[in-house]
Each structure stands twice: as C-alpha cells, then as structure tokens.
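Below is one structure; the comments refer to it alone.
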Amino acid sequence: MSQNFVVDPEVVTRLVRAAGPHDLVLEPGAGEGVLTRALADSCGQVVGYEVDPLLAGKLAARARGDARIRIVRGDFLSARAPREPFAVVGNIPYSITSKIVDWCLRAPTLTSATLVTQLEYARKRTGDFGRWSMLTVQTWPWYSWELLGHVDREAFRPVPAVDSAILRIERRAQAPDLPGYQDFVDYGFTGLGGSLHATMRLRHPAAPVDAAFAAAGVARDTVVAHVHPDRWPILFEHLG
C-alpha cells in the first residue's frame, strides 16, 4: 500500500508547523496516527482517512474518546470535500500523489494542502529544477506552490528508495476570473513551434505576439517550461 511511516518526531513537527492551525483538517493516509495526534494539538478537528483496515481499526481505538479526532476507514480519494473551509495535511503514498493533488485542486473550499511527497515531485511542481510544469502554470493564478524543505529517507520506516519533501499548495486570497486561461496554457505547452513565442505565432500575427512578450518581459527564444508562472496571465491578457 506504499506505506512509509514517519518515525522522526522533528519531521512531524516541521510538517505541523508548515501546515499551520486550522479549524478542520483532512489527513490522507493516517497510518499509525503519529501525525494525526500532532495535528489535533494545533487544529480544531482532524479527520484521518486510512484504507488499511487493520491500521484504521487500531487508530480508531486509540482515538476513541478524543473529540478532536475522527477516523474514517476508507479511501481519501473517495471522500467528498467538506462544505466549510478545510486544509489537507498528510504524509501521502508516492503512488497516488498526483491523484491526491488533483483531488485537492478540485475541492472548492480547500484553503491549503501541506503534503510530504517524493522530492522530485515537489521540485518539479515548484520550479526548483529551474523549469515549471504545466499543472503549476495552469493553477498559478489561484494557487501558490512552495517547497518547504527536504525530508531525508531515513525519517521513514520502511526506508524508501528516494528522499522526500514538504510541498505546500495554498489558495490565493483573491481568485481572478480567467475563463479560457487553462486552455491557453495547454496550447502553449504543446511546443509546436519550439519556443513559446513561436508556438503563439502559429495562432496570432507577429505584432500582437511581440507586444505580449514585451509586456510580460519574456524573451522570444524562451523555452516554454522556463517561462515563470507570473508571466502567463500577462500573455493571456494580450493573446487569450
């Protein structure tokens, strides 16, 4: 079940501190409940999801009588998002990282997601490799993506083959209305023209494209993945 449990208390402390206090927290993969109990000390209500029936049963028994914790024996991905504002915090399985992130991004009342993920995934989504993924760019006007430090593989049992990281996704206070923006980004990432400028020239005359790139401060030969997410809404304003 891709279960790698955190055994380093310092990592738990870092994760809880990065998540911050919340009235309601959903925890995917509660496991043995180490993080669950730590979150309960700083948050109002923690709902832990655990698909392993044995682990879920043990954790539910230990949490019995603690009004701050509720354990759900089932798959987090099948859960319905709460109607009230909530956060997601968890040490999640590598194998379903993308599915959990997608679930979070679709939840209309999510305020933030603070997740322990594979290091490579967190670096890819936050531009730490010096390039940006399409998912990050498509969601950037509404969500910030931040890498909050590495987590050594020795902090887990069993020890995974790679290091991890704390990834923070936070909903921005003001969400712009940009219909068509994600399709615009999707087209830009097709790479049909080589550079982003050349790709946009396949759809638009030279003058508007040149003006858009000048306004955004993007060089014409910039590879699409190297265009900072902040620049895309400006390009969209001119060309979308």
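The values are calculated or read from the model by the stated rules, or taken from the named source; none is laboratory data. This one's a predicted model, so the numbers in the text were calculated from it and none came from an experiment. Neighbour counts are summed over all protein chains in view; Cβ atoms, including those assigned to glycine, are modelled from backbone coordinates with ideal geometry. Side chains are part of the model used for accessible areas, which takes the heavy atoms of the whole protein and leaves out ligands, DNA and RNA. Shrake-Rupley method; radii C 1.70, N 1.55, O 1.52, S 1.80 Å.
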Subject >> Residue-count net charge about R73 - beta-carbon cut-off 10 Å; Lys, Arg +1, Asp, Glu -1 >> reply: -3
Original post:
Tell me, what ³J(HN,Hα) does each residue in segment 129-135 have, in order and in whole Hz, if you take phi through Karplus 6.51 cos²θ - 1.76 cosθ + 1.60 with θ = phi - 60° and put x for Gly and Pro?
Top reply: 7, x, 9, 10, 7, 4, 4
Original post:
If you plug each phi of segment 97-108 into the Karplus form 6.51 cos²θ - 1.76 cosθ + 1.60 with θ = phi - 60°, what whole-Hz ³J(HN,Hα) values come out, in order, with x for Gly and Pro?
Top reply: 4, 4, 5, 5, 4, 4, 4, 4, 5, 8, 7, x
Original post:
Relative contact order of the chain: what whole-number percent is it, with Cα pairs under 8 angstrom and at least 6 residues apart?
Top reply: 17 percent
**OP:** Run the accessible area of the chain with a 1.4 Å probe and give the carbon-and-sulfur part as a rounded percent.
**Re:** 51 percent
Original post:
Taking amide hydrogens as modeled 1.01 Å from N in the peptide plane, which residues meet the under 5 Å criterion relative to G193, leaving out close sequence neighbours?
Top reply: T199
Original post:
Using a 1.4 Å probe, how large is the accessible area of I71, given in Å² and rounded to the nearest 10?
Top reply: 30 Å²
**OP:** Could you work out, for segment 84-235, what percent of all Cα-Cα pairs fall into each 10 Å distance bin, beginning at 0 Å and stopping at the bin that holds the largest distance?
**Re:** 10, 36, 30, 18, 5, 1
Subject >> Given charges at Cβ of Lys, Arg, Asp, Glu: segment 155-240 dipole, positive-most of L167, H228, G194 >> reply: L167
Original post:
In square angstrom, what is the accessible area per residue of the chain with a 1.4 angstrom probe?
Top reply: 48 Å²
Original post:
For the peptides 25-34, 73-82, 138-147, 7-16, what is the packing order when you average, over each peptide's residues, the other Cβ atoms within 10 Å and list the highest mean first?
Top reply: 25-34, 138-147, 7-16, 73-82
**OP:** Quick one: compute the contact order of segment 1-143, relative version, from alpha carbon pairs under 8 angstrom and 6+ residues apart, as a percent.
**Re:** 22 percent
Original post:
How large is the helix-only mean residue ellipticity at 222 nm for the chain, computed as the sum of -39500 (n - 2.57) over DSSP H runs with n ≥ 4, divided by its residue count, in deg cm²/dmol to the nearest 500?
Top reply: -10000 deg cm²/dmol
Subject >> Cα-centre dipole for the chain with unit charges at Cβ (Lys and Arg positive, Asp and Glu negative), debye to 20 >> reply: 320 debye
Subject >> Whole-Hz couplings from phi, Karplus 6.51/-1.76/1.60, listed for segment 47-62; x for Gly and Pro >> reply: 10, x, 9, 9, 7, 6, x, 5, 5, 4, x, 5, 5, 4, 5, 5
